[in-house]
1. Label points 7 Å out from Cα along the Cβ direction at ALA174 and ASP139: separation in nm?
2. Would you list, by chain and number, the lysines whose Cα falls below 21 Å from the Cα of LYS124, excluding same-chain residues fewer than 8 positions away?
3. Near the amide H of ARG44, under 5 Å away, which other amide H atoms are found, from residues 5 or more places off or on another chain, if H is placed in the peptide plane?
4. Would you mind estimating how fast region 77-163 diffuses translationally, via Stokes-Einstein at 20 °C and 1.002 mPa s with the Kirkwood radius over Cα pairs, in µm²/s?
5. Tell me, what ³J(HN,Hα) does each residue in region 36-51 have, in order and in whole Hz, if you take phi through Karplus 6.51 cos²θ - 1.76 cosθ + 1.60 with θ = phi - 60° and put x for Gly and Pro?
6. In 10 Å bins starting at 0, how do the alpha-carbon pair distances of region 22-168 split up by percent?
Amino acid sequence: MGFLEVNPCYSRHLGEFWTGMMDKKTLTAYHEAGHAVMALLMGRSVQKVSIIPSQNRLGACTLQKGRAKQVQDKLEAEMLILLAGMAAEGRKSGQYNVQGAAQDLAGVEKLAMARAGNARQAQKLIHKMLDKTQHLLSDKATWQAVKVIAAELLEKESISGRAAKHHLTMAQNAK
């Protein structure tokens, strides 16, 4: 099952208006910031967020083992974290980068199949999780945290999980 079959409207307009082409580095910063913010919202501790390319990826959000707080549904939380990179990048650019999120989407599909048991139910679950991810990212404070973390990544290329958590907390307190 491929993501394009799961979500045929992957290229619809998603959020912020922009003109011209955005560079890969900016989109990668939003992608990794999306993962980091969602992980923090889901009770995971972030170790590091980076847009320094490696052999097989343009950036990374490294999570620490365990959880800072318990969540009701760990599988759902993991799916939201995996989808948040593509969703944040899509909110910034206006379209999903399915190819760039291929590793994340493969993980989401595996988790969805484990939960749903068949491809049709897994597709429905992925739709539901992507909608929930978009909804969570559309919160004003949450999106502000994504933008601030992305900006810092563009400036420094790598930030600590502590810095990411600080930016989320500041955005939430500014409400």
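1. Taking the two extended label points, one gets 1.6 nm.
2. LYS74, LYS110, LYS132
3. Under 5 Å from the amide H of ARG44: ALA68.
4. This corresponds to a translational diffusion coefficient of 154 µm²/s.
5. 4, 5, 5, 4, 5, 4, 8, x, 8, 8, 9, 8, 7, 10, 9, 10
6. 12, 45, 35, 8, 0
All of the numbers you see were taken from the coordinates with simple rules; none came from a lab. It should be emphasised that the depicted structure is a prediction, and the values quoted were computed from it without experimental measurement. Please note: Cβ atoms are built from the backbone with ideal geometry, for glycine as well, and neighbour counts cover all protein chains shown.
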